[in-house]
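Colleague: To start, I am sharing the structure in question, which I have written as structure tokens.
The values are calculated or read from the model by the stated rules, or taken from the named source; none is laboratory data. Not measured: the values here are computed from a predicted model. Counting neighbours? That spans all protein chains shown, and the Cβs are built from the backbone with ideal geometry, glycine included. All accessible areas refer to the heavy atoms of the entire protein, side chains included, with ligands and DNA or RNA removed. Shrake-Rupley method; radii C 1.70, N 1.55, O 1.52, S 1.80 Å.
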Amino acid sequence: MNPLTFDQSRPLDLIAIGRLCIDLNANEIHRPMEETSTFTKYVGGSPANIAIGSARLGQKTGFIGKVSDDQMGRFITHYLEKNDIDTSSVTIDRTGAVTGLAFTEIKSPSECSILMYRDNVADLLLHPSEINENYIKQAKALMVSGTALAKSPSREAVFLALEYAVKHQVTVFFDLDYRPYTWADEAETAIYYNLAAEKCDVIIGTREEFNMMESMLNMTEADDRSTANRWFSHRAEIVVIKHGGAGSIAYTKDGESHRSGIFKTNVLKTFGAGDSYASAFIYGLMKGKDISEAMKMGSASASLVISRHSCSDAMPTAEELLEQLNTGVYEPV
């Protein structure tokens with residue numbers, strides 16, 4: 001069962017919009033960041049990681065975003081291009097804004113944290129005037145990340161992109177990607193997340209992220225089915241609610257639900273799992289796989305990325321994903 005359809009005549013499979021930043025992952029693992037001396041630099045940001053994961057799997061992928069006018073901005077753009085991602089809609093900030101930095105701490109497989117620097121970052125200065133309607137209508141799908149809604153003018157740019165996507169029947173995937181430190185308060189976050197979700201066909205998030213969205217409704221008990229049904233009254237066809245090590249559940253408008261397990265792996269870190277899951281899940285759906293199989297593909301991809309040092313560099317190729325699906329140890333939940 002897969003309720004989604006995609007216009008195969010369009011040249012781009014997926015366009016992602018939003019955060020482009022730098023991940024600085026600790027080289028000295030199993031120790032706190034205070035005792036860490038060296039880091040390895042990677043391209044980061046949830047939509048960037050998903051776009052890179054999509055491209056690694058062989059999809060024709062583009063990006064809409066803004067980078068700083070310096071070495072870090074050029075590093076990001078060059079990396080996207082090296083991974084065959086179209087950057088014609090990646091613009092350069094001229095105001096002196098900087099690239100966001102994410103320092104990661106890897107204490108243990110279960111103790112990982114991220115220290116973010118997000119003041120005056122270029123990606124949140126993406127302007128509505130830089131959203132090209134003709135570019136969006138060339139895509140089968142648009143992937144939106146919640147972080148891009150945190151501030152103006154990026155917020156308005158994303159809403160304009162959503163309007164163009166709806167106008168041209170572009171399937172919209174919404175990865176909630178809630179980062180509290182980017183927002184003024186939870187009420188503001190919930191309002192804009194809910195407004196964006198109304199225009200999306202597939203919504204992917206953790207139970208905690210959906211709880212945040214429902215907080216303004218004074219809902220005291222989290223219920224996955226009720227959460228999904230709320231979005232089925234809008235545009236949503238699929239709602240995926242992730243429960244960490246307990247796997248994830250996808251709900252569809254016809255009342256069905258699909259549960260995904262996890263692949264056993266040698267866990268190095270916890271971050272990157274959500275982005276890798278989303279990229280392979282979207283890939284599976286766009287290849288016409290049923291929801292259960294697409295979820296299993298997402299779980300396989302996540303298991304590979306959390307066993308590796310980076311997020312973007314760790315995204316598997318189609319061959320690696322297939323090998324994990326065929327040989328990995330899958331545990332239903």
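Colleague: By DSSP, what percent of the beta bridges with both residues in the chain are antiparallel, rounded to the nearest 5?
Modeller: 40
Colleague: Near the amide H of Phe39, under 5 Å away, which other amide H atoms are found, from residues 5 or more places off or on another chain, if H is placed in the peptide plane?
Modeller: The list, which skips near neighbours in sequence, is Asn27.
Colleague: Quick one: among Thr91, Thr220, Thr189, which has the greatest mean-square fluctuation in a GNM of the chain with alpha-carbon springs under 10 angstrom?
Modeller: Among Thr91, Thr220, Thr189, the largest mean-square fluctuation in the Gaussian network model of the chain belongs to Thr220.
Colleague: Something else: Need one number: % antiparallel among DSSP beta bridges in the stretch 148-294, to the nearest 5.
Modeller: Percentage antiparallel, nearest 5: 55.
Colleague: Let me ask something else about it. State the answer as a single residue: which of Ala122, Ser233, Val170 lies farthest towards the positive end of the charge dipole of the stretch 115-245, with beta carbon charges of +1 for Lys and Arg and -1 for Asp and Glu, about the Cα centre.
Modeller: Projecting each Cα onto the dipole axis, the largest value belongs to Val170.
Colleague: Can you give the FRET efficiency to the nearest 0.05 for Ser9 and His78, using r as the Cβ-Cβ distance and R₀ = 41 Å?
Modeller: 0.85
Colleague: Right, something else. Show me, for the stretch 99-111, the HN-Hα J-couplings you get by feeding each phi into the Karplus relation (A = 6.51, B = -1.76, C = 1.60, θ = phi - 60°), rounded to Hz, glycine and proline as x.
Modeller: 8, x, 10, 10, 8, 10, 10, 10, 6, 6, x, 10, 10
Colleague: At 0.36 nm per residue, and after removing the present C-alpha to C-alpha distance, how many nm does the segment from Lys289 to Met1 gain when stretched out fully?
Modeller: Net length gain for the segment: 102.9 nm.
Colleague: Keeping every protein chain in place, order Val90, Val305 by accessible area at 1.4 Å, biggest value first, i.e. largest first. It would help to have the intermediate numbers written out before the result.
Modeller: On the way: Val90 20, Val305 0 Å².
Most to least solvent-accessible, the answer reads Val90, Val305.
Colleague: For the stretch 147-162, what does the Karplus curve 6.51 cos²θ - 1.76 cosθ + 1.60, with θ = phi - 60°, yield as ³J(HN,Hα) per residue in whole Hz, taken in order and with x for Gly and Pro?
Modeller: For the stretch 147-162, the Karplus-derived couplings read 4, 5, 8, 5, 9, 7, x, 4, 4, 5, 4, 5, 5, 5, 4, 5 Hz, x marking Gly and Pro.
Colleague: From the phi angles alone, apply the Karplus equation (6.51, -1.76, 1.60; θ = phi - 60°) to the stretch 310-320 and give each ³J(HN,Hα) in whole Hz, x where the residue is Gly or Pro.
Modeller: Each residue's phi maps through the Karplus curve to give 9, 9, 5, 5, 7, 4, x, 7, 4, 5, 5 Hz.
Colleague: If you don't mind, another one. With a 1.4 Å probe and every protein chain left in place, tell me how much accessible area Glu323 has, in Å² to the nearest 10.
Modeller: It works out to around 110 Å².
Colleague: With +1 on each Lys and Arg Cβ and -1 on each Asp and Glu Cβ, and nothing else charged, work out how big the dipole of the stretch 161-252 is about its Cα centre, in Debye to the nearest 20.
Modeller: For the stretch 161-252, the charge dipole is close to 280 debye.
Colleague: Leaving ligands, DNA and RNA out of it, rank Thr147, Thr87 by accessible area with a 1.4 Å probe, largest first. Provide the component values of the computation, followed by the final result.
Modeller: Working: Thr147 0, Thr87 25 Å².
So the residues, ranked largest to smallest area, are Thr87, Thr147.
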